[in-house]
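Some notes on the structure that comes next.
The values are calculated or read from the model by the stated rules, or taken from the named source; none is laboratory data. Quick caveat, the model's predicted, so the values are computed rather than measured. Here the Cβ positions follow ideal geometry from the backbone for every residue, glycine too, while neighbour counts run over all protein chains shown.
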Amino acid sequence: MKNKKLWLWGPLLVLFMSFSYAQEKTISGNVTDQDGVPLPGVSVLVVDTTNGTQTDFDGNYTIGVNEGQVLRFSYIGQKTTERTVGNESTINVQLEEDAQALEEVIVTGQGSGIQRRKLSTTVDVLTEEKIDRLPANQIDQMLQATAPSAQIRLSSGQPGTASIIRTRGAISAASSSTPVIIVDGIRVDNLNSNARLGIATGGANVSALADIPVESIERIEYIKGGAATTLYGADAANGIIQIITKKGKAGKGTVFFESKLGVIKATDDYLKYKRTGEAIFQPGISQEYRVGLSGGSEKFTYNFGGSLYKDDGFNDLNEQVRRTFTFGYSAQVTDKFKYQGSFSYVSFDSNLDYNANTSFSRFSAFEGAAGGVNLDELTEEEWIPLRDNAREIGELVDITSRTSRFTGSNKFVYDFTDNFQANAVVGIDYRTTVQEELQSNALLVALGSRPQGTTDKASLTRALRANFIVTGDLNFTHKANTENFGFTTILGGQFFRTADRQNQLSGSGGVDGTRKIDFFPTQSAADFVLENANYGLYFLENIGIYNVAFLEFGGRLDKSTVSGEGTSPLLLPKVGITYNVSDHDFYQNSNFSNFLSTIRLRANYGEATNFAEPFEQDKTFELASFLDRPAFSFANPGNPLLVSETVKTTEYGLELGFFRNRLNLSGTRYKGNTVDALFTPVAKPSEGAQNQIQNIGEVQNEGWEFEMRAAVLQSEKHQMNLNVSYNTNENLVVSTGGGAPFVVGGFNVLGSVVAEGQSLGYLRGTAAVLQDDGSYEFVTNSFLGDTFAPNFGSVSLDYSWNNKISIFVTGDYQFGGKITDLSLLLRHLRGVDDSTVPEELLGTTSPFNYTNFFVFDNDYFKIRNIGLSYDFGDALKPFSNVKLGLSVTNPFNFTAGNFDPEATGSGIAAQGGFASGGFAYGTESSPRIYMSSLKFQF
Amino acid sequence: MKKIVSTICMVLLLISCTDNFSSVVDFTKVENPTLSEASVVGQPNSSVIWLDGIKQNMAFVYNELLVLAELGSDNYVNTQTFYNQFLDNLTLLSADPDLRDATREVARLREMAKFGLEFVGPGDSEYSSEQEADFNFYLGLSYMYAGMYFPALPQEPGGAAISASQNYQDALVAFDKAIALNPGQTRYLLAKARVNYYLGDKTAAVAAATAALAIDDSFDNIVRFDADAPTGTPDGTNPANVMESALYQRATFDDLQPLPTLDFLDPKYSFLSDGEDAPVHYLKAEEALLILAEANLSDGNVAAAQDNLTDLLELIATREVRSIDDSIEGRTEGMPRSRPDSTIVVVNGREGLVLNRHSGDVEIPSVSGTSLTAEDIESLTADDDGLELLYRTRQEVFIAEGLRFVDMGLKLIIDENETLQNENISETDLGAVPLIPSFISAVASDLDAITYDAATGVATTVVDVNKILVANKTSPEVLPFH
């Protein structure tokens, strides 16, 4: 028994070792780059020991060593240099630039990582430094305005709610556009909508993205669809967000403690009535404490991170609590065998308010003028009871969500030879969520839903979801080089399996004061299961030609259990070419290269897929409990020919770097065709059958992606970088396979619709069209606009002074799309807001005949974050570093209309379903957060 | 030692290769927890479960048809965004998804009845003639609803549109089979009476209605609704009473508002229990009496008609009246006092039709209610005034049951999902184009219109549909006995 606990000492031992190495003499010195500029943060390590340190802000270091030992100086982008210690006491080192090393290695695809310059596809990368400065701790919020070609809309300010994420357009009418999320090679639950049996709050729904572990991230790679995702197979057509966590670095162990304190205030810019805010909003406090521990020897490195977070929201009833810890480690077991592991635990508790499509929502009731009440016209005496009632409701609303998520990854690397390597990854993600909605009698009475004195109508709904994903991957990478050619060959197999099990328990007719389901006189239960396995073999060959051009081809043979009996595995090919014109020696030696330093041409073609919901291929029958008796009926008609839909993407790109890459421009043209697109056309009603998903549609996306990265200032003291991106997307439903248009959101008179010749989910409604004679003609099913803005991008600006003060600003924008202001429509229906409707129409016909007057541009420009940090360096002993940060989130918003075109939570209700976001309604916008942080490092 | 280790390794390797262990590492096995056909067909007692499934489907049928029919008629107006937004003005759009859903449920009723007759029943060792009779009855009902609500509708998946009169005829064939298999069921007989009534076959209608009353003079057949069963099984369906939600359950959302002349009858459906919603009384003795009364009036036999109506009053007096708290509603339509909500209100010169919902519980008939009085019956005449009284009574007795729409000669249309995908139907076929009697389309936008002066309490409906119907009694679309 005693022995079994020995392993517990392992990590402690490592720590101990790293602090207690015997030292005989002290060497100090200064490290500079090729231009003589001091380099802070250079790793200085005594070779073959765990003894190490880092240079300070002036490039100085001090380390204790024995004579004859070797010091190794390494720094990213510089060639690693070694010096043997003699009898001197000062060793100054000038590192040389390492052009090859500067080229980032992208983990994309399977197999070993690959240098960016060899890739024909583009990848957006978010580095540790940029991640750490962001105040957000939700992956979608982090990527917003930082991933240059992603369009991320936060659909509600309620805590932990779903967002709409997309890059190259909506590729599917059958599924969400949320990318697959992979943490250290392991797929994790990315459900970015309400679960099938989840608790609907009328609108905004909790999302699994809220509890993706974001602690200890080393880098995030956002891989857009197309050829870049071919090897991932399965449902990778929406792209991949790949998260690589920290495993620690060899050298001196570091410990940090960080405390963040902030104020969360509602964004009230868009309120129709100030009084809505007066009743519902209440600034909240946000607190977070983080600790981190990292270090290791050459053979073993480790990283630990833990945090506790709490905020009590901007809305009087919201609250969220997050507890996380992560650890990662890397062990060089033998010369040839390396083992890396990571584990994270996240617990996320939040509560939501009712919003949008429910009469219980205070926000949508006030803003939509429920009951014909115009809050501005009420006297103070009329208002106070209403306000107090809303506040009372706020005390009584009880919708909670509690999530626990465990993610573990193991990676084994075995080098058979220097050129032949095997990689194996296996890991799991397990996420459980318990949601509860308690409608107490007191709440129902306060809402006016039940008469005063009601005591036996309370209801409790509990939704349980457990989602388990196991991922496994084994691949072999072989590298061979001849004088002029380089060959990288990857061959591998991958599988993942998902089991999503949901249960819902409901009790009704209860009294107040209990959350025990069997205390409710009437109970019911429901369950829902999704299970699927996906597996495939993949192959990739990357041929380097004179180390300037790279030809890449490969493919994946992909099989999913979500396919009909009569189908065979899908073969997904990819091919790409990259030509680094500027890497030719003659070019580099020419003077012209000082002006135009990088020229890279890229082109590729690749296929990626999306599968349907599990079991949709099966013919099934339903057995319902109808009045407590079993009742059969038809269910899914079945489709033995069901296969994944395939997105075929062609991409061309050009990258230019001017003035020694101080100014970088990148342009990409893409065209993606979704063939065999999964549509669930409305069955002929005469069949009396459920609608069956079929591979009958075709969707097309094409557009441009431009990015500019400029080092505006680059002096010893001043550094300023400006990044700007602009993207376009034209989305078109080429074919619905003969089916009639169908509504995917909204209403019959004004809906988000899928129809041939239009964009997915475009807005269609009855429009009042002004005629020459001044009268109006009412045209049903008129085109009212595209719900997704076809133009979007982001902007970021960084400035740092003397490596001490740094300031950054991020923002994003979109234009060209349309959105319905549903609150306005409701206010109009309720007779309190005629502001946008022509006077001559008022009272002459139903407002449903002029829905076009409630549809507006969804253009916006929003500053998402402004941050300022001051680095005290080692001025505050005993800390080796102290950093103070201040930031504000969502400080400035500029929108075309008087409402927030992002607040569209009500459209993300179906599990994994398509969300158009064409209706702004009834939920609060993302709040303003003023945050301060103080980080101490030992 | 080495030997032992290698032996153990070998044994372990062997075990792991057996089938027994392969399930541990087989990651491709998935199991669909729902039901396959083998669990439904060929199993003992599957007919009774299938029949309960059909009864559930009846709830779906009524959920789809009632809202459309009540909005399309003068009974109700939709003042919110939930529920259909086109039918109030009798705008029949082939792209209206509610039309699609209504047609689908009628078709599903037919397909389920057929599947019961062809597969489930014959495969069930416990199959009875009563069950076979019911399968035939529900098949007949699907044809009957097709005839009542559509000018023409297919009888097969992807089939050609069959005219209403043929659908009615096929309904009669199915009802007769049911009656032969299980005589003595009032619902079979009244359904037969109703079809004959709408076909204008007075003799057959009277015979079937009389036969039904002879079995039980106060019969009441209901479609039941489950209040707490999950929605969406099958897809897009709701086993709770949707009309109850529209009239009552959505509390402060006053979705559907009745014509003020019918205020005292609303909401017919109110909270029953946590497990069950209020039923729809879809084939009740009142209908047989009203058919007899109309037949007698058309024959000039006033005394017999008076007897029928007296029986009707007596019957209605025995029906349940529910005392409900409707104070949450209050006819505000988002604008306080915009609709009649007080007992002082006089509608079209008549008093006592509007209730005050804010002074305690209100008494609302849950099966049938009427403003008809013994004095009204005494002064009944065989002329148009008598017919108007009869039609007013039909409107009141059948409120929220979907018959008023049919009485007004209205029909829905086949939706575009059918016309686009069904090779046998084109957009110009019978059934695909709206057929609205001209005398109704002329007043389509005024069907629900009222003028109301809250101060004086005077409310007036802009049109009197009963008057219009009677004035056009010779039209083939309305008053089938004339």
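For region A:250-266, check the following and say yes or no: at least one residue is at pLDDT 90 or above, assigned to a loop (DSSP other than H, G, I, E, B) and surrounded by 22 or more Cβ atoms within 10 Å (Cβ to Cβ).
yes
Only one of A:212, A:223, A:217 is in the same structural domain as residue A:154 (by TED's automatic domain parsing), touching a Leu at 6+ places or on another chain (Cβ under 9 Å) and modelled with pLDDT of 85 or more; which? Give the steps one after another, and end with the answer.
Numbers: A:212 fails: touching a Leu at 6+ places or on another chain (Cβ under 9 Å); A:223 fails: touching a Leu at 6+ places or on another chain (Cβ under 9 Å).
Exactly one residue qualifies, and that residue is A:217.
Quick one: what pairs do we get from region B:75-94, first residue on the phi > 0 side of the Ramachandran plot, second modelled with pLDDT under 85, C-beta under 9 Å, 6+ apart or different chains?
From residues that are on the phi > 0 side of the Ramachandran plot, the pairs are B:83/B:255.
Considering every residue within region A:687-702, establish whether at least one is more than 18 Å from residue A:669 (Cα to Cα), β-branched (Val, Ile, Thr) and more than 14 Å from every other protein chain (Cβ to nearest Cβ). Spell out how you get there, then give the answer.
We begin by selecting, within region A:687-702, every residue more than 18 Å from residue A:669 (Cα to Cα); these are A:687-698.
Now drop any that are not β-branched (Val, Ile, Thr), which leaves A:693, A:696.
Those left that are additionally more than 14 Å from every other protein chain (Cβ to nearest Cβ): none.
For region A:687-702, residues more than 18 Å from residue A:669 (Cα to Cα), β-branched (Val, Ile, Thr) and more than 14 Å from every other protein chain (Cβ to nearest Cβ): absent.
Quick check: anything in region A:213-226 in a loop (DSSP other than H, G, I, E, B), crowded, with 24+ Cβ neighbours inside 10 Å and out of contact with any Lys or Arg (no Cβ under 9 Å at 6 or more places or on another chain)?
There is at least one residue in region A:213-226 that is in a loop (DSSP other than H, G, I, E, B), crowded, with 24+ Cβ neighbours inside 10 Å and out of contact with any Lys or Arg (no Cβ under 9 Å at 6 or more places or on another chain).
Only one of B:369, B:352, B:330, B:386 is touching a Leu at 6+ places or on another chain (Cβ under 7 Å), under 24 Å from residue B:450 (Cβ atoms) and either outside any strand (DSSP E or B) or at pLDDT 95 or above (or both). Can you tell me which? Give the derivation first.
Numbers: B:352 fails: touching a Leu at 6+ places or on another chain (Cβ under 7 Å); B:330 fails: touching a Leu at 6+ places or on another chain (Cβ under 7 Å); B:386 fails: under 24 Å from residue B:450 (Cβ atoms).
None of the others qualify; the one that does is B:369.
What residue, of A:884, A:797, A:822, A:868, is in contact (Cβ under 8 Å) with a residue 24 or more places away in the chain, within 30 Å of residue A:152 (Cα to Cα) and within 14 Å of chain B (Cβ to nearest Cβ)?
Unique residue meeting the criteria: A:822.
Restricting region B:427-482 to residues that are without any contact (Cβ under 8 Å) to a residue 24 or more places away in the chain and not in a loop (DSSP other than H, G, I, E, B), which is surrounded by the most Cβ atoms within 10 Å (Cβ to Cβ)?
B:446
Closer than 29 Å to residue A:816 by Cβ, without any contact (Cβ under 8 Å) to a residue 24 or more places away in the chain and either crowded, with 20+ Cβ neighbours inside 10 Å or among the small types (Gly, Ala, Ser) (or both): which single residue out of A:755, A:740, A:677 fits that description?
Working: A:740 fails: without any contact (Cβ under 8 Å) to a residue 24 or more places away in the chain; A:677 fails: without any contact (Cβ under 8 Å) to a residue 24 or more places away in the chain.
The unique qualifying residue is A:755.
One line per residue, one yes/no per condition, for (1) more than 24 Å from residue B:261 (Cβ to Cβ); (2) within 8 Å of chain A (Cβ to nearest Cβ):
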site: B:65; (1), (2): no, no
site: B:73; (1), (2): no, no
site: B:76; (1), (2): no, no
site: B:87; (1), (2): no, no
site: B:90; (1), (2): no, no
site: B:95; (1), (2): yes, yes
site: B:99; (1), (2): yes, no
site: B:103; (1), (2): yes, yes
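So which residues in region A:498-530 are modelled with pLDDT of 95 or more, acidic (Asp, Glu) and within 18 Å of residue A:197 (Cβ to Cβ), if there are any at all?
Across region A:498-530, the qualifying residue is only A:500.
Scan region A:441-453 and give yes if some residue there is buried (at least 20 other Cβ atoms within 10 Å of the Cβ) and more than 14 Å from chain B (Cβ to nearest Cβ), otherwise no.
Checked region A:441-453: no residue is buried (at least 20 other Cβ atoms within 10 Å of the Cβ) and more than 14 Å from chain B (Cβ to nearest Cβ).
Out of (1) more than 30 Å from residue A:198 (Cβ to Cβ); (2) in contact with a helix residue (DSSP H, G or I) (Cβ under 8 Å, 6 or more places away or on another chain); (3) within 14 Å of another protein chain (Cβ to nearest Cβ), what's the single condition that is false for residue A:376?
(3)
If you go through region B:407-454, how many residues are under 21 Å from the mean Cα position of the chain (by Cα) and not small (Gly, Ala, Ser)?
In the first step, residues of region B:407-454 are kept if they are under 21 Å from the mean Cα position of the chain (by Cα); the result is B:407-415, B:431, B:434-436, B:447-448.
Checking which are not small (Gly, Ala, Ser) leaves us with B:407-408, B:410-415, B:434-436, B:447-448.
Count: 13.
Looking only at region A:469-511, count how many residues are touching a Leu at 6+ places or on another chain (Cβ under 9 Å) and not aliphatic (A, V, I, L, M). Please lay out each step first, then the result.
To start, the set of residues in region A:469-511 that are touching a Leu at 6+ places or on another chain (Cβ under 9 Å) comprises A:475-478, A:488-494, A:498-508, A:510.
Now drop any that are not not aliphatic (A, V, I, L, M), which leaves A:475-478, A:488-489, A:492-494, A:498, A:500-504, A:506-508, A:510.
Selection size over region A:469-511: 19.
Taking the stated definitions as given, is residue A:158 buried (at least 24 other Cβ atoms within 10 Å of the Cβ) and either in contact with a Pro (Cβ under 8 Å, 6 or more places away or on another chain) or under 30 Å from residue A:271 (Cβ atoms) (or both)?
Numbers: buried (at least 24 other Cβ atoms within 10 Å of the Cβ): yes; either in contact with a Pro (Cβ under 8 Å, 6 or more places away or on another chain) or under 30 Å from residue A:271 (Cβ atoms) (or both): yes.
Against the criterion (buried (at least 24 other Cβ atoms within 10 Å of the Cβ) and either in contact with a Pro (Cβ under 8 Å, 6 or more places away or on another chain) or under 30 Å from residue A:271 (Cβ atoms) (or both)), residue A:158 qualifies.
Within the group B:84, B:57, B:63, which residue is closer than 18 Å to residue B:145 by Cβ, touching a strand residue (DSSP E or B) at 6+ places or on another chain (Cβ under 9 Å) and outside any helix (DSSP H, G or I)?
B:84
So, in region A:642-660, of the ones that are assigned to a loop (DSSP other than H, G, I, E, B) and more than 30 Å from residue B:421 (Cβ to Cβ), which residue ends up nearest to the other protein chains (Cβ to nearest Cβ)? Step through it out loud before you land on a result.
Going residue by residue through region A:642-660, those that are assigned to a loop (DSSP other than H, G, I, E, B) are A:642-644, A:659-660.
Within this subset, residues satisfying the condition of being more than 30 Å from residue B:421 (Cβ to Cβ) are A:659-660.
Values: A:659: 53, A:660: 51 Å.
So, considering only residues that are assigned to a loop (DSSP other than H, G, I, E, B) and more than 30 Å from residue B:421 (Cβ to Cβ), the one nearest to the other protein chains (Cβ to nearest Cβ) is A:660.
Tell me which residues, restricted to region A:323-355, are of a type outside the set (Phe, Trp, Tyr), closer than 30 Å to residue A:397 by Cα and not in a strand (DSSP E or B). Full working, then the answer.
Applying the first criterion (of a type outside the set (Phe, Trp, Tyr)) to region A:323-355 yields A:323-324, A:326, A:328, A:330-336, A:338, A:340-342, A:344, A:346-347, A:349-353, A:355.
Next, only the ones that are closer than 30 Å to residue A:397 by Cα stay: A:323-324, A:346-347, A:349-353, A:355.
Of everything in region A:323-355, those that are of a type outside the set (Phe, Trp, Tyr), closer than 30 Å to residue A:397 by Cα and not in a strand (DSSP E or B) turn out to be A:353, A:355.
Scan region A:106-128 for residues that are modelled with pLDDT under 85 and out of contact with any Gly (no Cβ under 8 Å at 6 or more places or on another chain) and jot them down.
If the condition is that a residue be modelled with pLDDT under 85 and out of contact with any Gly (no Cβ under 8 Å at 6 or more places or on another chain), then A:108, A:109, A:112, A:113, A:114, A:115, A:116, A:117 are the ones that fit.
Scanning region A:675-686 for residues that are among the aliphatic types (A, V, I, L, M) and within 12 Å of another protein chain (Cβ to nearest Cβ), which turns out nearest to residue A:794 (Cα to Cα)?
Filtering region A:675-686 down to residues among the aliphatic types (A, V, I, L, M) leaves A:675, A:677-678, A:682-683.
Narrowing the set further to residues that are within 12 Å of another protein chain (Cβ to nearest Cβ) leaves A:682-683.
On the way: A:682: 38, A:683: 42 Å.
Selected residue: A:682.
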